[in-house]
Amino acid sequence: MHRFFEAFFSPHAFRQVFPDVWNGFQTNIRMMVIAELLVLAFALALAVIRGLPGRGAWPLRALAVVYTDTFRGTPLILVAYMLALGLPGIGIHGISNRSPFVYGVAALTFVYTAYVAEVYRAGIESVHGSQRMAARSLGLSYGQALRYVIVPQAVRRVIPPLLNDFIGLQKDTALVNVIGVTEITLQAQNFSNKYFNFTAYVVAALFFVFLTIPLARFTDHLIAERELRERALGQ
């Protein structure tokens with residue numbers, strides 16, 4: 001038992017590795033924030049494209065479906081490898097000379113845009129059709145109805161599942177260490193390989209847990225508030 005605690009919960013190793021792991025975790029946080037902002041914008045655009053009416057918009061809808069199906073079905077680690085190893089090899093100016101950090105953010109954005117777009121689409125479709133008809137009867141165009149009536153209601157409804165997706169994105173930032181991003185997992189791995197001690201992994205896990213728990217509790221709070229409002233309206 002002493003050997004187990006010394007290998008995973010060594011106070012000396014904790015003090016030694018904490019600064020490096022914290023520095024690595026700051027990289028994870030930057031990746032998470034940048035990717036989340038990009039995902040929010042691109043996923044909403046993708047969801048709107050999926051709902052465009054008319055035969056003329058069929059090619060755009062088809063492309064949106066292909067994108068969503070492709071990146072929801074492809075593991076993040078493979079997307080990261082394709083970007084970080086494939087793009088530098090083809091020698092395209094402005095694309096092939098980016099840092100691993102940029103490729104990591106791009107991989108997270110590509111994959112999570114597909115997931116979040118479906119969350120947005122579910123929210124848009126959950127808004128009753130009478131809302132759209134009422135907006136059009138007031139003289140609003142299709143785009144104006146989306147912007148001022150449909151999308152604001154849809155976004156409010158999907159905030160809890162969006163936060164759940166972003167909890168997943170925050171944890172998946174740890175996967176980009178495979179392409180050489182010096183983030184928390186790589187720092188922990190380097191320490192473990194050097195000293196044959198696994199306390200660094202425990203420290204890294206604690207950082208993720210301490211970031212995830214507030215987001216999870218906030219999500220639960222939003223869900224509980226929504227349920228209270230729905231019950232009040234139903235009475």
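The values are calculated or read from the model by the stated rules, or taken from the named source; none is laboratory data. These figures come from a predicted structure and were not determined experimentally. Here the Cβ positions follow ideal geometry from the backbone for every residue, glycine too, while neighbour counts run over all protein chains shown. What goes into the accessible areas is simple: the full protein's heavy atoms, side chains included, and nothing from ligands, DNA or RNA. Shrake-Rupley method; radii C 1.70, N 1.55, O 1.52, S 1.80 Å.
Considering (1) open to solvent by 60 Å² or more (accessible area, probe 1.4 Å); (2) assigned to a helix (DSSP H, G or I); (3) β-branched (V, I, T), the lone condition that I95 does not fulfil carries the number (2).
Just one residue in the set Y115, Y120, Y81 is open to solvent by 50 Å² or more (accessible area, probe 1.4 Å), within 18 Å of I49 (Cβ to Cβ) and among the hydroxyl-bearing types (S, T, Y); that residue is Y115.
The combined condition, being more than 19 Å from I179 (Cβ to Cβ), open to solvent by less than 50 Å² (accessible area, probe 1.4 Å), part of a helix (DSSP H, G or I) and not acidic (D, E), is not fulfilled by A35.
Is at least one residue of region 198-219 open to solvent by less than 80 Å² (accessible area, probe 1.4 Å) and on the phi > 0 side of the Ramachandran plot? No.
Exactly one residue out of A43, A7, A47 is within 30 Å of T199 (Cβ to Cβ), open to solvent by less than 80 Å² (accessible area, probe 1.4 Å), among the small types (G, A, S) and touching a residue at least 60 places away in the same chain (Cβ under 8 Å): that is A7.
Residues checked against (1) open to solvent by less than 60 Å² (accessible area, probe 1.4 Å); (2) closer than 27 Å to A41 by Cα; (3) among the hydroxyl-bearing types (S, T, Y):
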site: M133; (1), (2), (3): no, yes, no
site: V149; (1), (2), (3): yes, yes, no
site: P152; (1), (2), (3): yes, yes, no
site: R157; (1), (2), (3): no, yes, no
site: I167; (1), (2), (3): yes, yes, no
site: V176; (1), (2), (3): yes, yes, no
site: A188; (1), (2), (3): yes, no, no
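Taking first residues from region 146-164 that are in contact (Cβ under 8 Å) with a residue 12 or more places away in the chain and farther than 19 Å from A134 by Cα and partners that are open to solvent by 30 Å² or more (accessible area, probe 1.4 Å) and of a type in the set (F, W, Y), the Cβ contacts under 9 Å between residues at least 6 apart in sequence or on separate chains come to L163/F218.
Residues in region 50-73 that are part of a loop (DSSP other than H, G, I, E, B), open to solvent by less than 50 Å² (accessible area, probe 1.4 Å) and either farther than 18 Å from E125 by Cα or not small (G, A, S) (or both): L52 only. Residues that are modelled with pLDDT of 90 or more, within 21 Å of T113 (Cα to Cα), in contact with a helix residue (DSSP H, G or I) (Cβ under 9 Å, 6 or more places away or on another chain) and open to solvent by 60 Å² or more (accessible area, probe 1.4 Å) occur at least once in region 21-32.
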